[in-house]
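This report refers to the structure that appears directly beneath it.
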Amino acid sequence: MRAAIRTGASFTESLQAPGPWLPPFDTALVEAGEKSGRLVESCRLLSDHYAERARLVETLLTQLAYPLFLLHFAVLVFPTSLLVGVVWRGELWPFLEQKAAVLLPFYAAAVWLVLAFQGRRSAGWRSLRERLVHAVPVLGRAQREQALATLAAALEAL
């Protein structure tokens, strides 16, 4: 990036020099700020955006911790006949098989969701993901609200 700036490239061009490592929205916002003479405000807007996003993720994870603990506790305790087998007869393998059969699909779904919702996916993948999320009542509305907030931030930067 330094080399690009030294050769006369704009700040936006220097951000793109190493390759497409920034999301398109961030690049467009920096470019709009650079062209309008409001680069500091645009960067502050991005900073606030990512701070809010981090706060929302932290809140989500905090609110999911207790239900996930309860799920794991319930899966490990029930059915109690397997616990009796582990404690009194040392039958560990059937216990582990049953617990893995229940928990592994949840873990696989969680990994798939994390990978599916990463921001670096192609436009086609994001479009498919947005259509699927749109069908979920609460998430669809949240997605629309997020899109409007992003549009408003971009217009404010302009």
If the chain between ALA116 and LYS35 were fully stretched, how many nm would it gain, using 0.36 nm times the residue separation less the Cα-Cα distance? 25.8 nm
Heavy-atom accessible area per residue - the chain, 1.4 Å, Å²: 74 Å²
Using helices alone, what [θ] at 222 nm do you get for the chain, with -39,500 (n - 2.57) per DSSP H run of 4 or more residues, divided over all residues and rounded to the nearest 500? -27500 deg cm²/dmol
Return the whole-Å distance between the Cα centroid of segment 63-131 and the Cα centroid of segment 5-53. 39 Å
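Tell me, what is the FRET efficiency for LEU155 and ARG131 to the nearest 0.05, using R0 = 41 angstrom and their Cβ-Cβ distance as r?
0.95
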As an exercise, use a Förster radius of 35 Å and the Cβ-Cβ distance of ALA65 and GLU97 to find the FRET efficiency, rounded to the nearest 0.05. 0.85
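Treating only the Cβ of Lys, Arg, Asp and Glu as charged (+1, +1, -1, -1), what charge dipole size does the chain show about its Cα centre? Round to the nearest 20 debye. It would help to have the intermediate numbers written out before the result.
On the way: 16 positive and 13 negative charges, 43 e Å.
In debye, rounded to 20, the chain gives about 200.
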I'd like to verify something in the chain: which complete DSSP H helices, judged by Cα projection on the helix axis, reach 20 Å or more and average at least 1.0 on the Kyte-Doolittle scale? 92-116
Using R₀ = 22 Å, calculate the FRET efficiency as 1/(1 + (r/R₀)^6) where r is the Cβ-Cβ separation of ALA28 and ARG141; round to 0.05. 0.30
Can you pull the percent of segment 1-152's accessible area that's carbon plus sulfur, 1.4 Å probe, other chains left in place? 69 percent
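Highest mean first, what order results for 56-62, 12-18, 102-108, 25-31 on Cβ atoms within 10 Å? List each step's numbers first, then the result.
Values: 56-62: 10.1, 12-18: 16.1, 102-108: 11.7, 25-31: 18.4.
Going by the mean number of other Cβ atoms within 10 Å, highest first, we get 25-31, 12-18, 102-108, 56-62.
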Label of the coordinate-derived value, Kirkwood radius over Cα pairs in Å, listed as [x] 19.9; [y] 15.5; [z] 16.8: [x]
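The values are calculated or read from the model by the stated rules, or taken from the named source; none is laboratory data. As the structure is a computational prediction, the values presented were derived from the model and not from experiment. When we count neighbours, we look across all protein chains shown, and the Cβ atoms used for this are built from the backbone with ideal geometry, even at glycine. Only protein heavy atoms, including side chains, enter the accessible area calculation; ligands, DNA and RNA are left aside. Shrake-Rupley method; radii C 1.70, N 1.55, O 1.52, S 1.80 Å.
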